[in-house]
1. For the subset of segment 260-277 comprising residues that are touching a Leu at 6+ places or on another chain (Cβ under 8 Å) and over 14 Å from ASP433 (Cβ atoms), which member is surrounded by the most Cβ atoms within 10 Å (Cβ to Cβ)?
2. What residue, of ASP37, ASP29, is closer than 28 Å to VAL136 by Cβ and more than 35 Å from the chain's Cα centre (by Cα)?
3. Please name all residue pairs, on different chains or six or more residues apart, with Cβ atoms under 8 Å, provided the first residue is in segment 263-282 and is free of Cβ contacts under 8 Å to residues at least 12 places away in the same chain and the second residue is exposed (fewer than 14 other Cβ atoms within 10 Å of the Cβ) and part of a strand (DSSP E or B).
4. With surrounded by 13 or more Cβ atoms within 10 Å (Cβ to Cβ) and under 22 Å from GLN558 (Cβ atoms) as the only criterion, which of VAL162, VAL122, VAL150 stands out?
5. Just the residues that are under 30 Å from ALA58 (Cβ atoms) and not in a loop (DSSP other than H, G, I, E, B), please, taken from segment 84-124.
6. For the condition of a type in the set (S, T, N, Q), assigned by TED's automatic domain parsing to the domain that holds GLU93 and surrounded by 19 or more Cβ atoms within 10 Å (Cβ to Cβ), what is the one hit in GLN16, GLN46?
7. Go through segment 531-568 and give me each residue that's over 22 Å from GLU221 (Cβ atoms) and in contact (Cβ under 8 Å) with a residue 40 or more places away in the chain.
8. I'd like to know if segment 389-397 contains one or more residues that are assigned to a helix (DSSP H, G or I) and surrounded by fewer than 20 Cβ atoms within 10 Å (Cβ to Cβ).
Amino acid sequence: MRSHYCGDLSAAHDGQSVTLCGWVHRRRDHGGVIFLDLRDRAGLVQVVVDPDTADAFARADKVRSEYVVQVEGRVRLRDEAVRNPRMATGDIEVLCSGLTVLNTADTPPFELDEYSAAGEEVRLRYRYMDLRRPEVFENFRFRSRLTAAVRRALEQHGFMDVETPILTKATPEGARDYLVPSRTHPGNFFALPQSPQLFKQLLMVAGFDRYYQIAKCFRDEDLRADRQPEFTQIDLEASFVNEEDIMGITETVVRQVFTELLGVELPVFPRMPYSEAMRRFGSDKPDLRIDMELIDIADLLAKVEFKVFSGPANDPNGRVAALRVPGGCELSRKEIDDYTKFVGIYGAKGLAYIKVNDLAAGQDGLQSPILKFLTDDAIEGILARTGAETGDLIFFGADKARVVNEALGALRIRVGHDRGMVQGDWAPLWVVDFPMFEQDDEGHWAACHHPFTRPSCSPEELAANPGAALSRAYDMVLNGTELGGGSIRIHEPSMQRAVFKVLGISDEEAEEKFGFLLDALRFGAPPHGGLAFGLDRMVMLMTGCDSIRDVIAFPKTQTAACPLTQAPAEVGNRQLRELGIALRKGD
């Protein structure tokens, strides 16, 4: 039906006859001559319809935005004075000789241009229309190029594409499973995979040696800007490797993809232990483009009478830290109040501060509601340790270490962006030496990554002191976003059972939930490890989008709902009876 894509035409096609198909992006009637901007996936081209072509002109007079048409015509150069440098095809136009309306269209629910003011709910309700917008479509063209580049790079490293099951068994991996009832096995359920983790380990036991997959994963969890209930991973696993091997391969792949698609040479990825990342930045995925750090000051405030500071300073699980904001004296009281509300999201009870209006004037040059609660030595120590200068502002966090880290870590990012302190385009990082476990308020241990990650100690040392055990895990971080995470896996049944025991999983429960894995480990499992990249996050970062919803064709909302299809939805009683399910409403 067509000879060319609209956006592929150029001055090189001058004089050629072409047949185009697409949507009418815009229609203009100028003194009896009709201009149509015709759009397809390759771009826009201007079509000129003269009254001399009576049939085509009559049809063009009736078309409206988003009509689907076929145009026959001849490419010609535009006059120099009317060339459009803002269009890729701005040097040429197509003189129409024939026009066929292939389908009409109702008035679009919103303007299909980059300035559309439509809300997200409307855009997702009519997602097929939103995807017609060129700037949205380009995200998916880029996504397709990215997956192709990743596949090429992994194939070059000897990885083989293998699909793993979507219907599988529910296993505890840190989030809730989406369950699928089985009609043929009444009362039993499949689970949608949170990751291909166990199956890719079984492929290593099978001797596949190097596996990868562009895998769909599902997690029933609370959503954020970079989370969706279904998402896509670039998943890989390799045998007879250590941490350096996996990090080396994946770093090479990412560098290669950035060079190929963006023309960007990423800097060398530095390594940072988890403990250092939390101490300096309050986050295990720090954005190194922002030159501010958290500074411990608990020792300076342990003896002050101000319990807000001295309490956490003397608590083994507490932390008192400062965040110096260069030039922060410019912040108004309203701005500080807004930041106080912001840290409250992370559990902080308040946000103390000191403005350093004039360092040379001593305490007379300081402005703060907390100065009266601090000793002279404490104030001098804080100014010296933070390296405060005239014009700076110092924020404080004092609470449980988790609260301080999350609150000040998030504040550091927020202030850095608000005040234009982001330096450079790309700041990659490997975070390593994660704790193996973390303890909840009731004293129960949980795996920081997942229970199949190998500890860096023996089973005996693990049992004796779980809190001191480090894992052989590693996260790739880019601009403050976790791009991918992985680990060396457990390949012996004894170590796997030791980890289960720390997690409170009995031998009977382990056999029930993971018996197939434990059996496989008994038959010569090789040392192996892997990593999974979040494909959606990678595309989001590389295209400069604010949310992964912008790079997923048909995403869910923040409530895990689909405005387009109205899913999730109720099902009929007949289908429920076939599945052996009875609903109890109102519980």
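The values are calculated or read from the model by the stated rules, or taken from the named source; none is laboratory data. Since we're looking at a predicted model, the values are computed, not measured. So basically every Cβ, Gly included, is an ideal-geometry build from the backbone, and we count neighbours across all protein chains shown.
1. Only one residue fits best here, namely PHE269.
2. Being closer than 28 Å to VAL136 by Cβ and more than 35 Å from the chain's Cα centre (by Cα) holds for just one of ASP37, ASP29, which is ASP37.
3. Listed pairs, sorted by first residue: none to list.
4. VAL122
5. ILE92, GLU93, VAL94, LEU95, CYS96, SER97, GLY98, LEU99, THR100, VAL101, LEU102, ASN103
6. GLN46
7. Hits for segment 531-568 are MET542, THR543.
8. Checking segment 389-397: not a single residue is assigned to a helix (DSSP H, G or I) and surrounded by fewer than 20 Cβ atoms within 10 Å (Cβ to Cβ).
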